[in-house]
Amino acid sequence: MSSRCFVCGKRLAVIDGWCAEDWNAQHELVKLPARLEVTICSRCDRAKISGKWQVWNAQAFLRSKAKVFGRLDRFDVNRQNEKFTVLASGLVERGKKLKTEKHTVLINFNCVVCPDCSRALGGYYEAVLQLRGDISENVIKYFEREAAKISAVDARAFYSVKDVKEGFDVRIGSASAASKLARLLKEKYGAELKKSYKLVGRKSGKDIYRMFISVRFRQRFK
Ligand SMILES: [Zn+2]
Ligand SMILES: [Zn+2]
């Protein structure tokens with residue numbers, strides 16, 4: 001003889017005297033805080049998460065804050081201003097039936113300007129690419145495409161281009177991005193590179209240097 005659930009008295013007891021429904025009602029699949037704080041950059045929209053500035057992803061963030069008891073199959077997030085609704089489904093521990101839970105989390109966004117953006121806004125730059133010689137349209141197009149690719153993934157690789165008598169000066173926020181772009185121009189167009197450093201100041205007892213890379217394109221036709 002099968003016994004009935006001691007809670008509802010109607011359905012079959014399948015887990016220690018509980019029916020599957022009442023077991024689910026009694027056990028949580030996901031625990032989430034009701035309120036969270038996130039520091040976000042108003043310029044690049046990245047968020048500071050565990051001390052690192054990264055692309056804001058509400059789903060990944062809330063998932064990282066969720067404690068899961070059992071097996072999680074789905075974790076969907078919907079946003080309405082500051083209100084985030086999470087629909088979670090799966091099996092609670094020892095559960096016999098899928099459970100779906102709805103959670104609401106209020107996220108308070110603390111808007112700031114991240115250090116990378118404040119450098120860019122302050123006109124700071126680590127390196128200058130000096131494009132010189134015979135610079136064709138193709139070179140410019142290629143350069144702009146590659147520079148845009150790098151700055152899309154590296155917030156410090158912002159750049160600005162200045163027309164000068166001898167060619168173009170490109171100021172770049174990151175020295176490593178500048179080196180990479182110079183290397184690409186050398187590989188693709190055989191440009192000659194010359195690197196130098198200039199002392200631009202001192203900060204907390206250390207000399208600050210700015211890197212200059214002269215990128216020279218030879219005459220195409222002679
Ligand atoms: Zn029951
Ligand atoms: Zn930023």
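Here, each number is a calculation from the coordinates, and none is a lab measurement. Source: prediction; values computed, not measured. For neighbour counting, all protein chains shown are included, and Cβ atoms are generated from backbone atoms with ideal geometry for every residue, glycine included.
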(message) List the lysines whose Cα sits under 20 Å from the Cα of K99, skipping any in the same chain fewer than 8 residues away.
(response) K10, K31, K65, K67
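What order do you get for 58-64, 211-217 when each peptide is scored by the mean count of other beta carbon atoms within 10 Å, highest first?
Values: 58-64: 15.7, 211-217: 20.3.
So the peptides 58-64, 211-217, ranked by packing, come out 211-217, 58-64.
How large is the convex hull of the C-alpha atoms of the chain per residue, in Å³?
Details: hull volume 42.4 nm³, N = 222.
Cα-based convex hull of the chain, divided per residue, equals 191 Å³.
Based on alpha-carbon atoms only, what is the radius of gyration of segment 147-203 relative to the globular estimate 2.2 N^0.38 Å?
Numbers: Rg = 12.5 Å, N = 57, 2.2 N^0.38 = 10.2 Å.
For segment 147-203, the normalised Cα radius of gyration is 1.23.
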(request) Starting from the amide H of W56, placed 1.01 Å from N in the peptide plane, find each other amide H under 5 Å away whose residue is 5 or more places distant or on another chain. (result) A47
(request) Taking every pair of Cα atoms in segment 123-217, average 1/r, invert it to obtain the Kirkwood radius, and report Rg/Rh to two decimals. (result) 0.98
(request) Might you report the magnitude of the Cβ-based charge dipole of the chain about its Cα centre, with Lys and Arg at +1 and Asp and Glu at -1, to the nearest 20 debye? (result) 560
(request) Calculate one ³J(HN,Hα) per residue across segment 6-19 by plugging θ = phi - 60° into the Karplus curve 6.51 cos²θ - 1.76 cosθ + 1.60, and present them in order as whole Hz with x for glycine and proline. (result) 6, 8, 8, x, 10, 7, 5, 7, 10, 10, 6, x, 9, 7
(message) Please give the Cα centre distance for segment 55-91 versus segment 128-184, rounded to the nearest Å.
(response) 40
(request) Considering the options C114, F69, N81, tell which one lies farthest towards the positive end of the dipole of the chain, charges being +1 on Lys and Arg and -1 on Asp and Glu at the Cβ, about the Cα centre. (result) C114
(request) Please give the length that would be gained between F6 and V112 if that part of the chain were fully extended, namely 0.36 nm times their separation in residues minus their C-alpha to C-alpha distance (nm, one decimal). (result) 32.7 nm
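Taking the Cα centre as origin and putting +1 on Lys and Arg beta-carbons and -1 on Asp and Glu beta-carbons, what dipole magnitude results for segment 123-217, to the nearest 20 debye? Mind dumping the intermediate values first?
Numbers: 20 positive and 12 negative charges, 78 e Å.
The calculated dipole for segment 123-217 is roughly 380 debye.
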(request) Measure of size requested: the Rg and Dmax of segment 20-113, with Cα atoms as the atom set and Å as the unit; please supply both. (result) 15.2, 50
(request) Take a quick pass over segment 123-202 and tell me how many lysine pairs come in under 16 angstrom between Cα atoms, counting only ones 8 or more apart or on separate chains. (result) 10
(request) Between E144 and D207, with labels modelled 7 Å along Cα→Cβ, what's the label distance in nm to one decimal, could you check? (result) 3.8
(request) Give the calculated FRET efficiency between Q26 and K65 to the nearest 0.05, with a Förster radius of 22 Å applied to their Cβ-Cβ distance. (result) 0.40
